[in-house]
Every structure is written in structure tokens, then in C-alpha cells.
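Step one of this worksheet: look at the structure below.
Any read-out appearing in this document is the output of simple, stated calculations on the displayed coordinates, not a laboratory observation. Only a predicted model underlies this, so the values are computations on that prediction, with no experimental measurement involved.
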Amino acid sequence: VPAPIQQPFPTYVALSGSWETVEWAAQNNHNLITGSQSPATTKKSLPKTIEVFQNIRQDSGHGVGKVAVPFFTLCSTDEEKIEQEFQRMVDYWRHLSEDLDTTLPPHLAYWADLKQTFAGLTIEQLHNRQTAFGRPEKLIELFLNVAASGVDEICIESFYGPQDIDEAIENAKFLR
């Protein structure tokens, strides 16, 4: 609820690190949703990932698909709040990394690298990497740069990680 407007409802396949996911989604006429950092685990840039995805779709007879990138987003004019939220997100991802299982099959071995990356995460590494916290003009610039790489849709997630619902509602109001 509410029911989707589009019929059939478009399917987006999440790319979280496996290049085979890009190929499968393209060959099976699905769209792609990928974090701005996910292509790093496939060893290709976001524009290159999109180019290859679209080429495979074309070669499979499906035409052009859509690519979406989600961002945890905080729009604020309060620099201190922005930095505090970055630190909260760093702490959140570090905590999450403690639960990642590294005894997975070989095709999921990249999770061990993610666990190490998250455990040592810094605020600088979060800037512009699926976390868009900042003043309105900074976010506009970031989103325009992402769109220029071939992304069709940017998903703004105002309810992220360690927030409670009241904080998320206030953040969403600011984003209007």
C-alpha cells in the first residue's frame, strides 16, 4: 500500500560487489541499483559499470535499462550537526562490520574485504560514498556529478543507520 503505478512493476537488482550480478541483471531485463562504492568491489568505475551494463542489455535485446544509486542523506546548514552525523554513521558501519561473516563461499569473499574496510572506516571515506551529508549546495553538486556518470535515478534516504524515527522525519522535512 499504495499499489505501484507502473504495471508491470520495474525490477531493480542490487549490486553489492559481484560482477556476475551486473551481467545477470542486464541479461534478464532488470534495472540496476548500486551504491556509489559498490563498483569499487567489481574493480570498475561507476560510469564503466553502467556502460557495460547497458551494452549487455542491448546485446541481450532488452534496450536501455535504468541505474539507480541510493544515498543516505542529511541536508543541513549546521556544519557541527553534519560532522556529528558523519561520526554517527562511521560508528554505525564499524559496529555493523563486527557481525559480518567472513567464512563465506569464494564468490562472496569480498565481504571479508568489506569487513576490514568498515572496521577502519573514517569520516573522509564516507564523504560522497553513498552518504551525502552537507549543505544544500554541496548535495546538489554531488547529485549532479553522480547523474553525469550515467545514473538515471538518485534515491535519497532520509532515514539512515542510527537515527530514530523523529530524526528521520525532521530530516525529510528539510529535504523538501
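Results, tabulated for the structure shown:
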item: Whole-Å semi-axes of the chain's equivalent ellipsoid (Cα gyration tensor); result: 28, 22, 15
item: Crossing angle, helix 136-148 versus the chain [Cα axis fit, 0-90 degrees, rounded to tens]; result: 10
item: Cross-link pairs LYS81/LYS173; LYS81/LYS138; LYS48/LYS81; LYS66/LYS173 - those with Cα-Cα distance over 24 Å; result: LYS48/LYS81; LYS66/LYS173
item: Angle between the chain longest axis and helix 110-119 axis [Cα atoms, degrees, rounded to 10]; result: 10
item: Reach of LYS115 by Cα under 19 Å, taken over lysines that are not fewer than 8 positions away in the same chain; result: LYS43
item: Integer Hz, Karplus 6.51/-1.76/1.60 couplings in order for segment 162-170, x for Gly and Pro; result: x, 6, 9, 4, 5, 5, 5, 5, 4
item: Residue of LEU32, LEU114, LEU104 that the Gaussian network model of the chain assigns the largest fluctuation, springs spanning Cα pairs under 10 Å; result: LEU104
